[in-house]
Amino acid sequence: MEILELIRRNLTQLWRRSRWFRSLSLVTAFTLGALLIVLPVRSQPVVLTFLMNAPEVPPFRPIIREFEQKNPGIRINMVEGPNASNLIEDLNTSSFLLGGSPYDLINMDVTWVPKFAAAGWLKDLTGLISQEELSQFLPGDINGSRYQDKLYRLPWRTDAAVLYYRTDLLDRAGLKPPETFADLMQTSKTLQDKKAVQWGYVWQGRQYEGISAMFVEVLQGNGGFWVDPQTKQVGLDQLKAIAALKFLQSTIQQNVSPGGVVNYMEDDARRLFQSGNTAFMRNWPYAWKLLNADDSPVKGKVGIQTMIHAPGLSSASCLGGWGWGIASTSQHPQEAWKAVQFFTSLETQKKLILGTGYLPSRRALYDDRDLLAKYDFFPLVLKALETPALRPPIAQYAQASDILQRYLSAALSGRINAEDAMQSAAKETRTLLGA
Ligand code: GLC
């Protein structure tokens, strides 16, 4: 205590006598005070928030862990959303419309870009990435990420629908995989008559974005079109479009597809096909890994080929896929861009794809030996991606798809006939587009 008293007395004397000591003390006290205020703020990590489709949450967790380890100043808050693309879109849309969106990153379906960009909800990424790096991504994916020549999204996985078929059943019956709509009906019926399977074909018929993605393939494979993005011409009431819907109706009417298909999303179809009771399925490549899991009744008995089409026309797979945009309202655009670069990198994609079977958005991964060993259908899909079926890249896409979903669903459930459905859908779409 005496020592302390001595020090105190000496310091008091110094304070009285020395101007230098007084100045130095004041500066030190001020600096310490400032540090006490600033340090806790600076050491708080930046938090990046985004909404994630429910099925992607588990495979994304280890990726986020790795990113956070490599970037100690950034934390990721991944909020689990619903599954259907249109429902996640609605949530993201309302967050912007209400103002003060909590999201820094937007995991965007390829169809959202024009709307989100036109609304000013996305940061322009054009200047952040070199042409050389951009050219390593698939061209279709990058085109789908642009709006009015600016880049608003960087894809982390692409998608292209395929036709799954049961190799064992076809081999046993001496049949080939179908190429045309008529082939599929015929082969299904043959297998059903032989009691080899209960159902011929499963697909996505529920009223949600998946039905539009599925329909655009039947439409293009039949020579029809939905909306011409340049002229805004609507083709839904043309004979080829009506015939496309009639084909889908016929699968149900002729018991090739179960009536329940009108309520199926991707995973409902996948589960039925996986149970072993169905010959053919339209789905995205994610299903492959699950169909070939050790406990799957169809493990090793599944083949993949491009979508069916009308005779003399070409197959068309819908271009799907997901990519990252940065919210224009984000307070942390630099950290968000770091996350986008990491999530879309070659290494991250490879890890994700080994575990999930999603399709890469980077061209080089289609030649990757480890991936090809697991997913030997990659070359087939890459080819299909050269001429995909596109959902119209227009700013009013969400409403246009909503119209189509409603009328397809009504017609497939038998509430309205195909002609009336497509005429009404075309009329509403024309009103929407102001034509
Ligand atoms: C897949 C596709 C996406 C599409 C969705 C429809 O997630 O990648 O583009 O909109 O399925 O259900």
Inset, instruction - Could you go through the range 69-77 in sequence order and give the Karplus-derived ³J(HN,Hα) for each residue, using 6.51 cos²θ - 1.76 cosθ + 1.60 with θ = phi - 60°, rounded to whole Hz, and x for Gly and Pro? - result: 5, 7, 10, x, x, 10, 10, 10, 10
Inset, instruction - Provide the percentage of antiparallel DSSP beta bridges, counting only those with both residues in the chain; round to the nearest 5. - result: 70 percent
Legend entry - Helical mean residue ellipticity (222 nm; -39500 (n - 2.57) per DSSP H run of 4+; nearest 500) of the chain: -15000 deg cm²/dmol
Inset, instruction - Under a cut-off of 18 Å between alpha-carbon atoms, report the lysines in cross-link reach of LYS123, not counting same-chain residues fewer than 8 places apart. - result: LYS115, LYS150, LYS338
Legend entry - Qualifying aspartates and glutamates (Cα of each under 16 Å from Cα of LYS350; at least 8 residues distant if same chain): GLU56, GLU66, ASP159, ASP367, ASP368, ASP370, ASP376
Inset, instruction - With no solvent and one equal point scatterer placed on each C-alpha of the range 144-224, evaluate the Debye formula and give log10 I(q)/I(0) for q = 0.13, 0.17 Å⁻¹, two decimals. - result: -0.59, -0.85
Inset, instruction - Could you list THR167, THR329 in order of exposure, starting from the residue whose Cβ has the fewest other Cβ atoms within 10 Å? - result: THR167, THR329
Inset, instruction - List, largest first, the extents of the alpha carbons of the chain along their principal axes, each in whole Å. - result: 108, 53, 40
Legend entry - Rg/Rh for the range 308-386, where both radii come from Cα atoms and Rh is the Kirkwood radius: 1.09
Inset, instruction - Would you grab the residues whose amide H sits under 5 Å from the one on ASN283? Only those 5+ places off in sequence or on another chain, please, with H modelled 1.01 Å from N. - result: VAL162, TYR164
Inset, instruction - Quick one: order ARG391, ARG17 by neighbouring beta-carbon count within 10 Å, fewest to most. - result: ARG17, ARG391
Inset, instruction - May I ask you to list the aspartates and glutamates whose Cα is less than 20 Å away from that of LYS240, ignoring any residue fewer than eight positions away on the same chain? - result: GLU179, ASP183, GLU217, ASP228, GLU419, ASP420, GLU428
Legend entry - Leading residue at positive end of dipole, the chain (Cβ point charges), from SER328, PHE181, GLN69: GLN69
Legend entry - Positive-pole candidate from PRO59, THR111, THR49, dipole of the chain, charges at beta carbon: THR49
Legend entry - Helix axis angle, 19-43 relative to the chain longest principal axis, alpha carbon, degrees: 20 degrees
Inset, instruction - Over all directions, average the projected area of the Cα convex hull of the range 173-313 and note it in nm². - result: 9.0 nm²
Legend entry - Cα convex hull volume per residue for the range 58-135 (Å³): 148 Å³
Legend entry - Sorted by Cβ density within 10 Å, fewest first, the residues ARG75, ARG270: ARG75, ARG270
Inset, instruction - Report, in degrees rounded to the nearest 10, the 0 to 90 angle that the Cα long axis of helix 181-193 makes with the longest principal axis of the chain. - result: 80 degrees
Inset, instruction - Quick one: compute the contact order of the chain, relative version, from alpha carbon pairs under 8 angstrom and 6+ residues apart, as a percent. - result: 23 percent
Inset, instruction - Quick one: which residues, 5+ away or cross-chain, put their amide H under 5 Å from the amide H of THR180? H built at 1.01 Å from N. - result: HIS309
Legend entry - Binned Cα-Cα distance frequencies in the range 244-374 - 10 Å width, integer %: 10, 30, 31, 20, 9, 1
Legend entry - Reference-scaled alpha-carbon Rg (2.2 N^0.38 Å with N residues) for the range 75-208: 1.51
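Rule-based calculations on the coordinates, nothing more; no lab input. Remember, it's a predicted structure, so these values are computed and weren't measured experimentally. So basically every Cβ, Gly included, is an ideal-geometry build from the backbone, and we count neighbours across all protein chains shown.
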